[in-house]
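Before any comments, here is the structure.
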């Protein structure tokens, strides 16, 4: 095993809190072929450097304030069904766990219930796989009732297959949501029937949340301002960008999954028009399918958006693989970012972390890919980004001019509720000239209500 603390551990060692659970992070390195799902969906897998995987795994551990006492890459030439690692490697790692006095071992790879149980017995420590660790983070981060319901649902689905006794001296289930003492811990004796009943209840509550969110979205559409959604790999700087663009105060920290609960704010564009901007949960490689399903109500904001801003940490050496991971999740939501270039815009963030030469070459590369290079911290490139957002939103909406008579109050109300009024000019005798932007799906109704001959195309 290549044992090292890694870049993330070294950077955060001086701020590590005291009294935390001591943990070791292992990243198995397998000779993996493209998954069947990836081949079926047509996504070309992008391999991630093992060291980048290790840094991310350690970052996930720090996200719930674990004391990472050691970390390393573990070659796994031939995965074993019982323990994942070979017998000799399991014994070698057990010695490291004992030497470091670790209470928790994180294996950054999916583990079967049997593998998890056997490794806990061999290492005499609690074991969490990647899915369990992400669930822990989500459990700690969720603040709203909706967010906690979504996390609890994902946790229960994950735990349903893991009702096995491995820590016989404990009366509580190992790992999973709340292993550090948080809510949701379940006794080992709780049977599958009770779990299933709770899952049904949560799904019903989330369905009500989905209906409520749909009503809110319908209300916003009546305004109607176009919807813009931020997506991206976790810690790409989405919330910082969101705060800068909207003067909001969403939590934005340099940790993975700082934001879970979606936030929506108005966005003012350079030409005076407005849009609705939503900040969403960050994506990550190998995002548990239970979480994708649980957060589907939240991710509907992305599905319904007129424009999707894919925020990338362009200074991260793994940015290409992170892009592939985000696009894979979008594909699961029925969005093909590469096939819908007018609907998806890449925002290459963290330009401030590049030196002058790198900024120049990256800016040229961004131009070739119709992307925008920005820094959410310094504000560099944000004027270009806002102009591009407005350009893309207006490209699918037609701008027309119409003159209203004093008695056409009903038509005036419909226009204000369903179109964006750009300018309003009083002409005298009670008449008013309006220049409005209208979405394609409402253009025909406006023509029917006002009369097609009265609508004059505007060149703005």
Let's test this: bin the Cα-Cα distances of segment 398-457 at 5 Å from zero up to the farthest pair and state each bin's percent. 4, 19, 35, 29, 10, 3, 0
Can you sort 71, 433, 278 from fewest to most other Cβ atoms within 10 Å of each residue's own Cβ? 433, 278, 71
What's the center-to-center distance, using Cα atoms, between segment 384-460 and segment 54-125 in Å? 62 Å
Going from the fewest other Cβ atoms within 10 Å to the most, one would list 414, 123, 348 as 414, 123, 348
Listing 416, 369 from the residue with the fewest other Cβ atoms within 10 Å to the one with the most, what is the order? 369, 416
Using Cα pairs under 8 angstrom and six or more residues apart, how large is the relative contact order of segment 225-395, in percent? 25 percent
According to the square roots a ≥ b ≥ c of the eigenvalues of the Cα gyration tensor, what is the shape class of segment 104-167, taking rounded for a/c under 1.5, prolate for a/b larger than b/c otherwise, and oblate for the remainder? prolate
Distance in nm between residue 20 and residue 303 label points, each 7 Å along Cα→Cβ, equals 3.7 nm
What does the extension gain come out to for residue 82 and residue 416, with contour length at 0.36 nm per residue minus their alpha carbon separation? 113.8 nm
If we restrict to alpha carbons, what Rg and Dmax does segment 225-395 come to, in Å? 14.8, 43
Computed over all unlike Cα pairs, the Kirkwood hydrodynamic radius of segment 75-121 in Å stands at 11.2 Å
Please list, short to long, the whole-number percent of alpha-carbon pairs of segment 323-426 in consecutive 5 angstrom bins beginning at zero. 2, 9, 14, 15, 13, 12, 10, 8, 7, 5, 2, 1, 0
Using a Förster distance of 60 angstrom, determine the FRET efficiency expected from the C-beta separation of residue 211 and residue 429, and round it to 0.05. 0.80
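FYI, it's all coordinate maths here, none of it is from the lab. As the structure is a prediction and not an experimental result, all values here were calculated from the model. Because the Cβ atoms are built from the backbone with ideal geometry, glycine has one as well, and the counts that use them run over all protein chains shown.
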